[in-house]
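Report on one structure; see the data block that follows.
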Amino acid sequence: MNSPHILDLEFEELKKKLPSAFRAQQIADWIFTKGAETFDEMTNLPQDLRSSLKRDFALRKTTLAKTELSKRDGTLKLILQTQEGQQYPCVFLPHGHYQSLCISTQVGCAWECSFCASGLVKFERNLTPGEILEQILYAEKTTGKKIRNILFMGMGEPLANYAGTVGTIRWLTSLHGMGFQPSRIVLSTTGLAPQILKLSKENLRVNLALSLHAPDDILRKKIMPKSSKFPIKDVLAACKTYWQENGGEFTIEYILLKDINDQPAHAEALANLLTSARFPALPKINLIPQNPVGGIALGPSTESRAKNFFDLLKKRHFIVHTRKPQGQDLEAACGQLQ
Ligand code: SAH
């Protein structure tokens, strides 16, 4: 029960523990291409190797506790359960001819953003790369569909679980593993400036999204009390370094909360802030309609305010999108995961 998940090791580490790189690749193929869930299924490995793998590693550390399908939009919420009985969600999002999976990196979340349900769940622990990757393995198996985009936007703060997140991305993007293009992966963070800087040196090249939600530190502190320990200017400077060194897309996420951060003056201040940061290009801005969360008094902006906010940013030459809520009936939409 306590042996490590085989995917908690990176491919290079796994190779060193095996008789040859060829064997490591065979194992990775069994896991990622053929969907093996036990070492016994790996019939082209010698019997003694299978026995030692069984003794030293685990291939599943979670069970699929529950699935819930939205009748409204086909969104599927999968709940995984750790060996200790802790549960964490991932959300399969069909978008016509392709699909995304929104994955969790922690059980609970310590950041307590005032608008997010995940912050209401007590932080329990970081998930390991194996436990994070199992979300993708279960989602593909359950739906029979290949996932095209991975969103680190489920429960938890990915950069507060730095090792787990980086280990996961290495398997995701490695040609020995899942072979995802880094441009198909989005890592969303509340803005842990030191970890963003560290990440910029890992050469992972995944897209970065920043949950900014306020144009100044005073307002940010009100709605994201813990994240505000990193001043916005430091966070944006770290994102700029990441973007310069890794390329890809950089997106600002901004949830529109009625009477809190949705007035024209906020839109102007946001545009000024992002323009003066002198990024390699203007970042995209994703405006997020607030999804309802029980026990949270904050409410979504009105349609006309949201449109006004959108238009003001457009006038300032930003590419602006409004995120379409998916899975609200399952409490599986952004910010509803708990
Ligand atoms: N901790 C990371 C990863 C979680 S992402 C982060 O905060 O970025 C969760 C996404 O859902 C973020 O874009 C967040 O801002 C958004 N979100 C949180 N609460 C929400 C709510 N009630 N309605 C809509 N989006 C919400």
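FYI, it's all coordinate maths here, none of it is from the lab. If you're wondering where the values come from, they're calculated on a predicted model, not measured in any experiment. Cβ placement follows ideal geometry from the backbone for every residue including glycine, while neighbour counts extend to all protein chains displayed.
Would you mind giving the average projected area, over all directions, of the Cα convex hull of the range 59-135 in nm² with one decimal? Kindly include the intermediate steps, with their values, before the conclusion.
Details: hull surface 24.2 nm².
Its Cα hull, projected and averaged over all orientations, spans 6.1 nm².
How much net charge surrounds GLU331 when only other residues with a Cβ under 12 Å from its Cβ are counted (Lys, Arg +1; Asp, Glu -1)? Numbers along the way, then the final one.
Working: positive: LYS77; negative: GLU68, ASP329.
Local charge sum for GLU331: -1.
Okay, helix-only estimate at 222 nm for the chain: each DSSP H run of n ≥ 4 adds -39500 (n - 2.57), divide by all residues, round to 500 deg cm²/dmol; what do you get? Intermediate values should be presented prior to the final figure.
Working: 10 runs with 111 residues, N = 338.
Using -39500 (n - 2.57) per qualifying helix, the result is -10000 deg cm²/dmol.
If you stretched the chain out fully between GLN244 and LYS315, how much longer would it get, using 0.36 nm times the residue separation minus the C-alpha to C-alpha distance?
23.0 nm
For the range 174-303, what class follows from the C-alpha gyration tensor (a ≥ b ≥ c being the square roots of its eigenvalues): rounded when a/c is under 1.5, otherwise prolate if a/b is larger than b/c, else oblate? Prolate, since a/c reaches 1.5 and a/b exceeds b/c.
Quick one: grab the alpha carbon gyration tensor of the range 116-202, order the square roots of its eigenvalues as a ≥ b ≥ c, and give me rounded if a/c is under 1.5, else prolate or oblate depending on whether a/b is larger than b/c. It would help to have the intermediate numbers written out before the result.
Details: a/c = 1.87, a/b = 1.22, b/c = 1.53.
Cα axes put the range 116-202 in the oblate bin.
Given the range 1-128, report the % of alpha carbon pairs whose separation exceeds 18 Å. Summing the P(r) tail past 18 Å for the range 1-128 gives 64 percent. Figure legend: label point modelled 7 angstrom from the Cα of SER183 along Cα→Cβ; residues of the range 93-127 with amide N under 18 Å from it are 98-100. Listed by chain and number, the lysines whose C-alpha is less than 27 Å from the C-alpha of LYS315, apart from same-chain residues fewer than 8 away, are LYS233, LYS240, LYS258, LYS284, LYS307, LYS324. Over the range 6-56, the hull volume per residue, using the convex hull of the C-alpha atoms, is 75 Å³.
Inter-label distance, LYS146 to LYS71: 3.3 nm, where each label sits 7 Å from its Cα along the C-beta direction. Among residues other than ALA139 with Cβ under 11 Å from its Cβ, the summed charge is +2 (Lys and Arg +1, Asp and Glu -1). Taking a Cβ cut-off of under 13 Å around LEU101, the surrounding Lys, Arg, Asp and Glu residues balance to a net charge of +4, with basic ones at +1 and acidic ones at -1.
Computed across the chain, the Kirkwood radius stands at 20.8 Å (inverse of mean 1/r, all Cα pairs). I'd like the isolated cysteines in the chain, meaning no second cysteine's beta-carbon lies under 4.7 angstrom from theirs. Result for the chain is CYS90, CYS102, CYS109, CYS239, CYS334, no neighbouring Cys Cβ within the cutoff. Normalised by residue count, the range 251-338 yields a Cα convex hull volume of 100 Å³ per residue.
What does the extension gain come out to for ALA265 and GLU13, with contour length at 0.36 nm per residue minus their alpha carbon separation? Don't skip to the answer; put the middle values down first.
Working: separation 252, 0.36 × 252 = 90.72 nm, distance 5.21 nm.
Separation in residues times 0.36 nm, less the Cα-Cα distance, equals 85.5 nm.
What's the whole-number percent of alpha carbon pairs in the range 186-225 lying beyond 11 angstrom? Tail fraction, whole percent: 68.
Assuming 0.36 nm per residue, please report the length gained on full extension of the stretch ALA110 to ASP216 beyond their Cα-Cα distance.
Working: separation 106, 0.36 × 106 = 38.16 nm, distance 2.20 nm.
Length difference between fully extended and current span is 36.0 nm.
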